[in-house]
Structure formats: structure tokens, C-alpha cells
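Reading through the C-alpha cells given below for one structure.
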Amino acid sequence: MRPLAVPSEVESALQVGAALVISISGGKDSQALLNTLAAWHRERAWPGPVLALHSDLGRAEWKQTAEHVRRIAAQAGVELVVVRRPKGVLREQMAALGGEGQRPVSSLRTDR
């Protein structure tokens, strides 16, 4: 595997068991990063966990995203942690408050 440029502070933290958390959106770039870093973590045999983190955007997500991120985390052999905003979709809340320049809630795409 090609070497990666990692700051010495990060390398030191990983050597003593810090978690490596990789944010994934479900896109090809984050999938490639997850695969590379998970393999790199295993190769280096660091003692801490490696996790994939997905921030679920609610209605703004494609309907296939949840299953896709589950699949790519499983393929990489890492635990998936999904976080959601507890108060709903931020964009809708801003529009409801009459935020300047915001499209009305009814114009938001929901067909994904």
C-alpha cells in the first residue's frame, strides 16, 4: 500500500488507541477514502476502532443512500454510525421562519 501523509500527532494518537472515524456521504470519493483508510488501519495494526460516520440529511438524501452506506461500511469491514439532526430538516425550519432568499418548503424535492 502506498504511504499516506499523516500528521505525527494523528499517528501518535492512533498508535495508542484513538478511534479513526471516517465521514462517508455515500459518494465515490468517501467510499474510496473509507476503503483506503480502513485497509491502512488494519495494515498498521492500530489498537483503536475504525468507524464510518454518515450524517443522514433526511429528505435531502437519495432513497438508496441508507442502504448504500450500510453496504460500503460492511464491505470495508467497519462499524457504521449514523447521526441525524433531532429537530428535523434544517432547510425546512429556515424556510418556515421566513429566512430571506429561501425557497418555500413546498418547492423542496421529495422524489429522491
Checklist entry - Which one of the conditions (1) at pLDDT below 95; (2) in a helix (DSSP H, G or I) does ALA5 fail to meet, given that it meets all the rest? => result (2)
Checklist entry - Out of the residues in region 1-46 that are touching a His at 6+ places or on another chain (Cβ under 7 Å) and of a type in the set (A, V, I, L, M), which is surrounded by the most Cβ atoms within 10 Å (Cβ to Cβ)? => result ILE24
Checklist entry - Any idea how many residues of region 15-29 are outside any loop (DSSP other than H, G, I, E, B) and either aromatic (Phe, Trp, Tyr) or closer than 15 Å to GLN64 by Cβ (or both)? => result 1
Checklist entry - Does region 59-77 include one or more residues that are modelled with pLDDT under 85, open to solvent by 70 Å² or more (accessible area, probe 1.4 Å), outside any strand (DSSP E or B) and touching a Leu at 6+ places or on another chain (Cβ under 8 Å)? => result yes
Next on the checklist: I'd like to know if region 81-97 contains one or more residues that are at pLDDT 70 or above, within 22 Å of the chain's Cα centre (by Cα) and either among the polar types (S, T, N, Q) or open to solvent by less than 60 Å² (accessible area, probe 1.4 Å) (or both).
Outcome noted: yes
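The values are calculated or read from the model by the stated rules, or taken from the named source; none is laboratory data. Since the model is a prediction, treat every value here as computed from it, not as a measurement. So basically every Cβ, Gly included, is an ideal-geometry build from the backbone, and we count neighbours across all protein chains shown. The area values use the complete protein model at the heavy-atom level, side chains included, leaving out ligands, DNA and RNA. Shrake-Rupley method; radii C 1.70, N 1.55, O 1.52, S 1.80 Å.
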